[in-house]
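The values are calculated or read from the model by the stated rules, or taken from the named source; none is laboratory data. Computed from a predicted model, the values in this text were never measured in an experiment. Note that we place each Cβ from the backbone using ideal geometry, even for glycine, and neighbour counts take in every protein chain shown.
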Amino acid sequence: MRLFHFPRSAILQHYSLKILVAITGASGALYAQRLLDNLDARQHEVHVVMSNYAQQVIAEELPEGLRLAEGVKTHNIRSMNAPFASGSNPPDAMVVIPCTMGTLGRIAHGYSEDVLLRAADVVLKEKKKLILVPRETPLSLVHIKNFELLTLAGGVILPANPSFYAGPKTIVEVIDTVVARVLDHLGVPNTLAPRWAEEKE
Ligand SMILES: Cc1cc2nc3c(=O)[nH]c(=O)nc-3n(C[C@H](O)[C@H](O)[C@H](O)COP(=O)(O)O)c2cc1C
């Protein structure tokens, strides 16, 4: 079929999504930064919420702080005055990136005491897309059971496990092998990382 020989960019679609990016205090703040760098806030409605510990890890790992494009809306984790605190106004998708085991466990067990956790609860109950990007290694049975619970509830566990078959040369290229998969699951067309067995454009 000739269609499969078209470059991917020739068949990209353009539509708008409401996306909530939640950042927690796991190592890997650069994953969140690269995801935000690759979500066009002119095309999509992009919201950001951060846990308190996320701010500490960002200070350690992103010396220049988190870069947010114009148009990205930020929300205070302690306020429920955000659209996605209610099932009447959920995002199309929520990505928790990077996701701590603590936040993952709290989401798995229905804790909703801040707006990040409540949003995840809303996303699951409204059958929207919840993508969780844990970095933790190794995993305990507690973590694995929480992965199982969230997968059964409709979430996607997308571990921050980079791939190397395309020969990434920089940290950003390594990070982008994961971020590309997040964008794929969001349904955001991208050419961020080379795909296996695809002709170079
Ligand atoms: C530098 C640093 C790196 C951390 N990395 C991880 C991690 O990769 N995974 C994890 O589950 N927790 C990690 N933690 C611990 C969490 O920050 C801690 O459990 C915190 O309570 C999580 O809160 P949150 O889930 O609300 O962000 C890290 C902490 C620090 C200071």
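What to note about this one:
- Verdict on Met50 being within 14 Å of the ligand (Cβ to nearest atom) and closer than 25 Å to Ile144 by Cα: yes
- Qualifying residues in segment 106-144 (those that are within 9 Å of the ligand (Cβ to nearest atom) and not aliphatic (A, V, I, L, M)) - the one surrounded by the fewest Cβ atoms within 10 Å (Cβ to Cβ): Thr137
- Within the set Ala160, Ala166, the sole residue that is within 11 Å of the ligand (Cβ to nearest atom), assigned to a loop (DSSP other than H, G, I, E, B) and not aromatic (Phe, Trp, Tyr) turns out to be Ala160.
- Taking (1) surrounded by fewer than 16 Cβ atoms within 10 Å (Cβ to Cβ); (2) at pLDDT 95 or above; (3) not β-branched (Val, Ile, Thr) in turn, Pro189 satisfies each apart from (2).
- Filtered residue count, segment 53-87, keeping only those that are charged (D, E, K, R) and within 14 Å of the ligand (Cβ to nearest atom): 3
- Restricting attention to segment 45-58, the residues that are assigned to a helix (DSSP H, G or I) and either in contact with a helix residue (DSSP H, G or I) (Cβ under 9 Å, 6 or more places away or on another chain) or surrounded by 19 or more Cβ atoms within 10 Å (Cβ to Cβ) (or both) add up to 4.
- Going through (1) within 16 Å of the ligand (Cβ to nearest atom); (2) more than 14 Å from the chain's Cα centre (by Cα) one by one, Pro90 falls short only on (1).
- Counted residues, segment 83-109 - those being in a helix (DSSP H, G or I) and under 23 Å from Asn161 (Cβ atoms): 8
- Near pairs, Cβ below 7 angstrom, 6+ apart or cross-chain, from segment 93-108 (free of Cβ contacts under 8 Å to residues at least 40 places away in the same chain) to any residue that is within 10 Å of the ligand (Cβ to nearest atom) and not in a strand (DSSP E or B): Arg106/Leu117
- Residue check, Leu149 closer than 29 Å to Gln56 by Cβ, at pLDDT 95 or above and over 17 Å from the mean Cα position of the chain (by Cα): yes
This table checks each residue for (1) farther than 24 Å from Asp37 by Cβ; (2) assigned to a loop (DSSP other than H, G, I, E, B); (3) not polar (S, T, N, Q).
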{"site": "Ala119", "(1), (2), (3)": "no, no, yes"}
{"site": "Leu124", "(1), (2), (3)": "yes, no, yes"}
{"site": "Lys127", "(1), (2), (3)": "yes, yes, yes"}
{"site": "Val133", "(1), (2), (3)": "no, no, yes"}
{"site": "Pro138", "(1), (2), (3)": "yes, yes, yes"}
{"site": "Val172", "(1), (2), (3)": "no, no, yes"}
{"site": "Val178", "(1), (2), (3)": "no, no, yes"}
{"site": "Asp184", "(1), (2), (3)": "no, no, yes"}
{"site": "Pro189", "(1), (2), (3)": "no, yes, yes"}
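- Looking across segment 14-44, the residues that are within 11 Å of the ligand (Cβ to nearest atom) and part of a loop (DSSP other than H, G, I, E, B) come down to Thr24, Gly25, Ala26, Ser27, Gly28.
- Test: residue in segment 171-185 that is buried (at least 18 other Cβ atoms within 10 Å of the Cβ) and farther than 21 Å from Leu62 by Cβ: yes
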